[in-house]
Amino acid sequence: MKWSGIIQHYQRFLPVSAQTPIVSLNEGNTPLIFSSYLTSVVGLEVYLKYEGLNPTGSFKDRGMTMAISKAKEAGAEVVMCASTGNTSASAAAYAARCGMRCIVLIPDGHIALGKLAQAMIHNAKVIAIQGNFDDALNLVKEVTSQYPVTLVNSINPFRIEGQKTGAFEICDVLGNAPEFHAIPVGNAGNITAYWKGYKEYKAAGFATKLPKMLGFQAAKSAPIVEKRVIPHPETIATAIKIGNPASWKSAEDARDESKGLIDAVTDEEILAAYKLLAAHDGVFAEPASAASVAGVLKLHKAGYFKGQKGRICCTLTGHGLKDPNIAIKNIGNPISVKADIHPILKEIGF
Ligand code: AN7
């Protein structure tokens, strides 16, 4: 069957009508990859929902096709977002596709190179502010409440509607919901969206159970875990360097209703999971994405899955190529030798 994007495919679950102009890049339908390595470690079947294979390289495209289509339907000409990078890349691409202006506020010096390149090449007006993501989001709220500009951060409910389709796809592939769903938490839109998606799919009869939602924040950017706003969040996983998540309450609801948890993982644990995914599974995801796997490994070590059966799905939210600097910084540069067979054979070990 021809795949034409998540709105086309899941229309009956989405607030669209025949009048909605669908702005799509054929997002969604991303692979659910079985991880034999993690399965052997954890003892339950582990699957990776590889969202880095969306058109702009992150899960944001699911929400953005909805937000931009609905903005277009309402006659908007300008959209705006604050971003740690992926939202801006996605907003810029979808706005370009339908001839809208896109304005982006980013924390100066703190977004991954690939994401900045994307926002720029898609012609967004990119403004780096001397402040963090939370400052940027407050400024976006201020501008969009006073001027004819549509906000496309995940406080825009259409974003959540689109992103919930990730849960639908998992159920479609597995034939049911998994027992556990692990997911990185930044602004907390995605954990909110997945939980909504699982509940709606079960209500519609496409799943008979609901997963426990396992959310993971970076240790020094863990407001939900610490139950306080973090004024100066820090982490190498810049995508989730957020101290005051917009969807804080609904993330707690997802955690509590599902009898799951939201925990923190250190930068060391994130980097270890990041490298392990690439080296053992052949899957290159950005550091923030690896937080879900880091969290599963942390819980495994603590005995959380002992005596449990079933399946764990980990959302890998963005592609590793988004942040090439961090890969090179942590792995190193290639060895350089003369263009001669001898040093090459020596390096190989022959
Ligand atoms: C790779 O782009 O907030 O908890 O401005 O890029 O729904 O915020 C990105 C978030 C996880 C966290 N993984 O998702 C932004 C932005 C990656 C991300 C998250 C983000 P939410």
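Below is a table of values for the structure above.
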read-out: Lysines with Cα under 16 Å of Lys115, excluding same-chain neighbours fewer than 8 positions away; value: Lys60, Lys125, Lys241, Lys322
read-out: Among Ala74, Ser88, Pro31 the positive-end extreme of the charge dipole of the stretch 1-101 (Cβ point charges); value: Ala74
read-out: Net dipole in debye of the stretch 114-198 [+1 Lys, Arg Cβ; -1 Asp, Glu Cβ; about Cα centre; nearest 20]; value: 220 debye
read-out: For the stretch 248-307, radius of gyration divided by Kirkwood radius, i.e. Rg to Rh on alpha-carbons; value: 1.03
read-out: Projected label distance in nm at Asn325 and Cys98, using a 7 Å step from Cα toward the beta-carbon; value: 3.3 nm
read-out: Percent of Cα pairs exceeding the 30 Å cut-off, where the set is the chain; value: 33 percent
read-out: Charged-residue dipole, Cβ positions (Lys, Arg, Asp, Glu), the chain about Cα centre, Debye nearest 20; value: 480 debye
read-out: Extreme residue, positive dipole direction of the stretch 222-297, given options Leu276, Ile242, Ala264 (C-beta unit charges); value: Ile242
read-out: Rounded Å value of the spacing that divides the Cα centres of the stretch 141-158 and the stretch 211-262; value: 22 Å
read-out: Extension reserve of the Asp256-Lys125 stretch, reckoned as 0.36 nm per residue once the Cα distance is removed; value: 43.2 nm
read-out: Helix-only [θ]222 nm of the chain, DSSP H runs n ≥ 4, -39500 (n - 2.57) each, per residue, nearest 500; value: -12500 deg cm²/dmol
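Bear in mind that the values in this text are calculations on the coordinates, not laboratory data. Worth saying up front: this structure is predicted, and the values here are computed from it rather than measured. All Cβ positions, glycine included, derive from the backbone under ideal geometry; neighbour counts span all protein chains shown.
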